[in-house]
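K.L.:
Pasting a structure below so you can have a look.
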């Protein structure tokens, strides 16, 4: 899912009463990670900072979402055709 789609989905989920968390799992493009962080700041939606690998990031997201009182994540992954969501 693209960064802007992730942000739009997060905004939509927030309007539905959910508490999303933006997650950047694209480690190959640092500028894309920064763009997602900026979008999260603009929308006032928390951003889960990147980690050492996409698998590690996705594995740690549930704990981070719980710690922040969020429902789950809207993911921005390296493949624009791949999207995932967790609760």
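K.L.:
For segment 13-30, which residues satisfy the criterion of being at pLDDT below 85 and under 11 Å from the mean Cα position of the chain (by Cα)? If you could, list the steps in order and put the result at the bottom.
P.N.:
Step one: list which residues in segment 13-30 are at pLDDT below 85, which gives 23-30.
Listed by number, the residues that qualify are 23, 24, 25, 26.
K.L.:
Additional query: Quick one: which residue in 29, 3 is in contact with a strand residue (DSSP E or B) (Cβ under 6 Å, 6 or more places away or on another chain) and more than 19 Å from residue 64 (Cα to Cα)? Spell out how you get there, then give the answer.
P.N.:
Working: 29 fails: in contact with a strand residue (DSSP E or B) (Cβ under 6 Å, 6 or more places away or on another chain).
Selected residue: 3, the only one of 29, 3 that is in contact with a strand residue (DSSP E or B) (Cβ under 6 Å, 6 or more places away or on another chain) and more than 19 Å from residue 64 (Cα to Cα).
K.L.:
Here is a follow-up. Could you please let me know if residue 33 is modelled with pLDDT of 90 or more and within 12 Å of residue 3 (Cα to Cα)? First the steps, then the outcome.
P.N.:
Working: modelled with pLDDT of 90 or more: no; within 12 Å of residue 3 (Cα to Cα): yes.
When the stated conditions are applied, residue 33 does not pass them.
K.L.:
Just to be sure before I move on: is residue 38 modelled with pLDDT of 80 or more and surrounded by 15 or more Cβ atoms within 10 Å (Cβ to Cβ) in the structure I sent?
P.N.:
On the way: modelled with pLDDT of 80 or more: yes; surrounded by 15 or more Cβ atoms within 10 Å (Cβ to Cβ): no.
Answer is no for this residue.
K.L.:
Scan segment 48-87 for residues that are within 19 Å of residue 28 (Cβ to Cβ), at pLDDT 80 or above and touching a strand residue (DSSP E or B) at 6+ places or on another chain (Cβ under 8 Å) and report the count.
P.N.:
4
K.L.:
I would also like to ask the following. Quick check on residue 54: is it touching a residue at least 24 places away in the same chain (Cβ under 8 Å) and either touching a helix residue (DSSP H, G or I) at 6+ places or on another chain (Cβ under 8 Å) or closer than 20 Å to residue 71 by Cβ (or both)?
P.N.:
On the way: touching a residue at least 24 places away in the same chain (Cβ under 8 Å): yes; either touching a helix residue (DSSP H, G or I) at 6+ places or on another chain (Cβ under 8 Å) or closer than 20 Å to residue 71 by Cβ (or both): no.
Considered against the rule, which asks whether it is touching a residue at least 24 places away in the same chain (Cβ under 8 Å) and either touching a helix residue (DSSP H, G or I) at 6+ places or on another chain (Cβ under 8 Å) or closer than 20 Å to residue 71 by Cβ (or both), residue 54 comes out as no.
K.L.:
Given the structure, is residue 39 closer than 19 Å to residue 68 by Cβ and over 11 Å from the mean Cα position of the chain (by Cα)? Spell out the reasoning first.
P.N.:
Values: closer than 19 Å to residue 68 by Cβ: yes; over 11 Å from the mean Cα position of the chain (by Cα): no.
No: the conditions fail for residue 39.
The values are calculated or read from the model by the stated rules, or taken from the named source; none is laboratory data. This structure is a prediction, so every number in the text was calculated from the model and none was measured. For neighbour counting, all protein chains shown are included, and Cβ atoms are generated from backbone atoms with ideal geometry for every residue, glycine included.
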